[in-house]
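Enquirer: One structure follows; several queries about it will come next.
Computed from the coordinates by the stated procedures, all read-outs in this text should not be read as laboratory data. Given the structure is predicted, the values throughout are model-derived calculations rather than measurements. Heads up, the Cβs are rebuilt from the backbone with ideal geometry, glycines too, and the neighbour counts pull from every protein chain shown.
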Amino acid sequence: MAGEEFVLSALVARHAVERPAAVAIDSVEDGALTWRELHEFGLAWAGVLKRVGVRRGDCVLSMIPTGHAAYAAWLGAAAVGACDVHVNHALIGRSLGDVVETTGARVAFIDSGFLERWKPMLQQGLEALVVVDAGPFDNARIHSLEDLLKDSLPLPHEIRQKGEDLACVIFTSGTTGSAKGVMLPWNAWSFAHSRAGAVPRPLRQDKVAYVPFSLAHYSGRFPLYAAASEGIRICTRRQFKTDHWLGDIRSLGAQWTSLLGGMGRFLLNTAPKPDDADNPLEFVIAAPVFPGVDEFRERFGIKDVYTSYGQSEITVVFSSAGAYEVSEETMEYCGVPSSSVEVELLDEQGQAVPAGLPGEMVVRPKDGTLSVGYLNNPQATASTFRDGWIHTGDLFSRSVDGRYRFVDRKKDYLRRRGENISSFEVEREVLAYPPVRECAVYGISSEFTEDEVMVAIVVDPERWTSPETLIDFLRDRLPSFSIPRYVELFESLPKTATERVQKVQLRERGLSATTWDRMAKTTDVRRGLTGRSK
């Protein structure tokens, strides 16, 4: 797999010639875009990149809602041989600065709604900001995309790339440090689509996909690559909204979509309507499978539900498609491995564990490419990518018939509503609040699957006021999804002999009558306790 035929811009260019008038992207907010229009937009964007000094091999940052511009940013970067880095829309402050520093990027393309948080980045190595939907500006280093498009010539042709050239970097949260940028070459995207079992076979037919996911995640990027490989149409919304989900499915004619995290439960919790099953959906990919999946299938008239598992480091290599039917009885499993990858479960000594026992999952392709390491982070790369295997840090068990069940995260991170959260980064900001002496951040099981964020803190009683003041302090320092839901005060935290906090004890303790819940309706702000018993 070492040819430019695997590069996104080349795939789109082919469809622009073979089926120029066919719709490539149908966006709720932006309308429809044909393959020819998408190709031309990408070349125009590439011309802007050259105008602002982006060179082959550079990282280009973007923070743009899902739609025409976000996809054109990836296409434009591919056309000039640069690496696209779409930044999570919730990042702010130091977490945003970490991304700028790690990538060494000089230019960022952003939506105007994000401008204020990006202005400080001009003092942290960034040379220029390009705002995609507004202007003019009184800062010479902030430009309007519209003005640059007028003054730039479209790139006449794409720069030739190889399969091993970087397609993008996707940042994933770390456990004992800042977020890490997973490097994904074009070969990895081709392998994931064609051989790694990332999607059920029906996706590779003429099926319309509904994509309400950010390009900061694999779930937002992969449908575009699959569509460009197959020439199918994708439909987008800037973000998932429960109230719009079914209406979008109907109006856009979508035949499949993904449900991540608690989305399935959110939809089930809406009031049923007699015509819920009157929609074009044929199948959904639920990751993970959620309680009530049988009810969901019946209520919305969906023939098939599939599940899968993956990480940015290994793409998506597990799927239930063709192996077993997803139901309440099988919901504990997340699929079987693709025939194109090798999977082992290892104990602490690196020895394979038998069926039924948990072990850390390690993965490697039999003939192909997954990710190739972490950007500018050789220490983390050496730890995860070693001995020819990618060590996922996740614990799994395997049934005798080859189904895999997720057991726990070996890494100390959380996952809330589809977002990975670094406990290290949350703890760093909590500790920046002067009344806090010590803290530990960990996950509490959510009623919507995945985790809710809890922080255990030891405070200076003379300076402490209430949990609300802590949360208000964190709002301008953390992504919204990382802000703790639960806060509990302790006289001391449980620790090991080497003074490491024993989070396992805190998790096992769970919620108590003294746990403050920011989603509770009544609160005693003097004590920091909820007005209801946990």
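Enquirer: Starting from the Cα of K366, step 7 Å along the direction of its Cβ; do the same at E468; then give the gap between the two resulting points in nm.
Expert: 6.1
Enquirer: I'd like the distance between the alpha-carbon centres of the range 457-483 and the range 252-310, rounded to an integer number of Å.
Expert: What the calculation gives is 36 Å, centre to centre.
Enquirer: In deg cm²/dmol, rounded to 500, what helix-only [θ] at 222 nm does the chain give when every DSSP H run of at least 4 residues adds -39500 (n - 2.57) and the total is split over its residues?
Expert: -7500 deg cm²/dmol
Enquirer: Ok, one more. Residue-wise, which Karplus ³J(HN,Hα) couplings in Hz belong to the range 370-380, taking 6.51 cos²θ - 1.76 cosθ + 1.60, θ = phi - 60°, and x for glycine or proline?
Expert: Each residue's phi maps through the Karplus curve to give 9, 6, 10, x, 9, 4, 6, 9, x, 5, 5 Hz.
Enquirer: Here's a follow-up. Quick check on my link table: of K150/K207; K241/K410; K241/K303; K150/K180; K50/K207, which ones sit more than 26 Å apart, alpha carbon to alpha carbon?
Expert: As for pairs spanning more than 26 Å Cα to Cα, those are K150/K207; K241/K410; K150/K180; K50/K207.
Enquirer: Step through the residues of the range 448-458 one at a time and calculate ³J(HN,Hα) from phi using the Karplus curve (6.51 cos²θ - 1.76 cosθ + 1.60, θ = phi - 60°), rounding each to whole Hz and writing x for Gly and Pro.
Expert: Whole-Hz 3J(HN,Hα) from phi for the range 448-458: 9, 6, 6, 10, 10, 8, 10, 10, 9, 9, 10.
Enquirer: Return the inverse of the average 1/r over all pairs of distinct C-alpha atoms in the range 220-365, which is the Kirkwood hydrodynamic radius, in Å to one decimal.
Expert: Kirkwood hydrodynamic radius for the range 220-365: 17.0 Å.
Enquirer: With viscosity set to 0.890 mPa s and temperature to 25 °C, compute the Stokes-Einstein D of the range 392-506, Rh being the Kirkwood radius across alpha carbon pairs; µm²/s, no decimals.
Expert: Result for D is 159 µm²/s.
Enquirer: Hey, another quick one. Once amide H atoms are placed 1.01 Å from N in the peptide plane, what residues at a sequence separation of 5 or more from G135, or on another chain, have their amide H within under 5 Å of its amide H?
Expert: Amide H to amide H, under 5 Å and 5 or more residues apart or across chains, G135 pairs with nothing.
Enquirer: Given q = 0.13, 0.15, 0.20 Å⁻¹, what are the Debye log10 I(q)/I(0) values for the range 53-153, with equal point scatterers placed on the Cα positions and solvent ignored?
Expert: -0.40, -0.54, -1.03
Enquirer: Taking the Cβ-Cβ separation of E116 and I159 as r and a Förster radius of 22 Å, what is the calculated FRET efficiency to the nearest 0.05?
Expert: Result of the calculation: an efficiency of 0.05.
Enquirer: Give me the distance between the Cα centres of the range 376-405 and the range 1-77, rounded to whole Å.
Expert: 33
Enquirer: Further question on the same structure: Over its Cα atoms, what ratio of radius of gyration to 2.2 N^0.38 Å does the range 433-482 give?
Expert: Rounded to two decimals, the normalised Rg is 1.26.
Enquirer: Show me the ranking of peptides 151-160, 81-90 by mean Cβ neighbours inside 10 Å, starting with the highest.
Expert: Per-residue mean Cβ counts within 10 Å order the peptides as 81-90, 151-160.
Enquirer: Could you pull out the trypsin sites (Lys or Arg not before Pro) across the range 272-353 that fall in loop regions by DSSP (anything but H, G, I, E, B) with no more than 16 other Cβ atoms inside 10 Å?
Expert: Sparse-neighbourhood loop trypsin sites (Lys or Arg not before Pro): K303.
Enquirer: Can you list residues from other chains, or at least 5 along the same chain, whose modelled amide H is less than 5 Å from the amide H of C439?
Expert: Amide H to amide H, under 5 Å and 5 or more residues apart or across chains, C439 pairs with V458.
Enquirer: Taking only the alpha-carbon positions of the chain and ignoring solvent, what does the Debye formula give for the base-10 log of I(q)/I(0) at q = 0.06, 0.13 Å⁻¹?
Expert: Those come out to -0.29, -1.44, one per q.
Enquirer: Short version: ³J(HN,Hα) in whole Hz for each residue of the range 249-255, in order, from phi by Karplus 6.51 cos²θ - 1.76 cosθ + 1.60 (θ = phi - 60°), x for Gly and Pro, what are they?
Expert: My calculation for the range 249-255 gives 3, 5, 5, 8, x, 6, 10 Hz in order.
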